[in-house]
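Novice: Once you've had a glance at the structure underneath, I'll fire off some questions.
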Amino acid sequence: MIIEAAAWDDPDVRRLTTDQQTEIRARYGGKEEPGRPPSAADVSVVLVARDDDGTALGCGALRELGDGVAEVKRMYVAPVARGRGVSRSVLAGLEAGARARGWFVLRLETGPLQPEAVGLYTGAGYRPIGAFGSYAGDPDAAGSLFFEKVLDAGC
């Protein structure tokens with residue numbers, strides 16, 4: 001597996017993020033995600049995991065929030081690639097990308113109907129926090145779960 005940088009509007013990234021949103025809406029009864037959706041204008045890091053033949057398996061992105069903090073966005077692994085360590089590899093790549101930019105706090109939003117995501121993040125050292133940024137006070141985020149990890153500078 002190869003983890004590589006990509007553009008937000010890369011066709012494989014668009015397909016994976018569209019699939020992610022379709023799956024999320026199905027899990028949450030058609031409900032849209034809370035907060036401000038990411039865009040090419042505000043996503044600074046985009047990674048794609050590819051199989052040896054170039055097939056896109058998963059993706060993830062970071063949006064800078066300021067003051068050394070970034071938000072993890074659009075973590076997704078195609079169903080056929082789940083259970084192969086793709087999400088852990090993408091998350092590790094995002095953490096490395098954050099460190100390289102001087103961002104040492106990563107935050108994210110997920111939901112209670114995504115136990116795989118909760119397991120990934122808690123297993124990687126993310127801790128529960130309260131709503132942050134555009135999620136704070138957003139009634140659509142009332143059922144969301146929020147996590148944060150302080151990254152070590154030398155890891």
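Novice: Please list, ordered by residue number, the strands (runs of 3 or more DSSP E) wholly in region 78-155 having 3 or more residues that are in contact with a Phe, Trp or Tyr (Cβ under 9 Å, 6 or more places away or on another chain), within 22 Å of residue 35 (Cβ to Cβ) and of a type outside the set (Lys, Arg). Please lay out each step first, then the result.
Specialist: On the way: elements: 105-110, 127-129, 145-150.
The strands (runs of 3 or more DSSP E) meeting that bar are 105-110, 145-150.
Novice: Given the residues 125, 137, which is the only one that is without any contact (Cβ under 8 Å) to a residue 24 or more places away in the chain, on the phi > 0 side of the Ramachandran plot and either under 16 Å from the mean Cα position of the chain (by Cα) or surrounded by fewer than 15 Cβ atoms within 10 Å (Cβ to Cβ) (or both)? Break it down stepwise before answering.
Specialist: Working: 125 fails: without any contact (Cβ under 8 Å) to a residue 24 or more places away in the chain.
One residue alone meets the criteria, 137.
So that you can scan it fast, the table gives a plain yes or no per residue for (1) touching a helix residue (DSSP H, G or I) at 6+ places or on another chain (Cβ under 7 Å); (2) over 19 Å from residue 14 (Cβ atoms); (3) crowded, with 16+ Cβ neighbours inside 10 Å; (4) modelled with pLDDT of 95 or more:
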| residue | (1), (2), (3), (4) |
| --- | --- |
| 46 | yes, no, yes, yes |
| 61 | no, no, yes, yes |
| 72 | yes, no, yes, yes |
| 77 | yes, no, yes, yes |
| 112 | no, yes, no, yes |
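Quick grid of which residues meet (1) exposed (fewer than 15 other Cβ atoms within 10 Å of the Cβ); (2) under 16 Å from the mean Cα position of the chain (by Cα); (3) free of Cβ contacts under 8 Å to residues at least 24 places away in the same chain:
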| site | (1), (2), (3) |
| --- | --- |
| 16 | no, yes, no |
| 27 | yes, no, no |
| 69 | no, yes, no |
| 83 | yes, no, yes |
| 91 | no, yes, no |
| 94 | no, yes, no |
| 108 | no, yes, no |
| 117 | no, yes, no |
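The values are calculated or read from the model by the stated rules, or taken from the named source; none is laboratory data. Not measured: the values here are computed from a predicted model. Cβ atoms come from the backbone with ideal geometry, glycine included; neighbour counts cover every protein chain shown.
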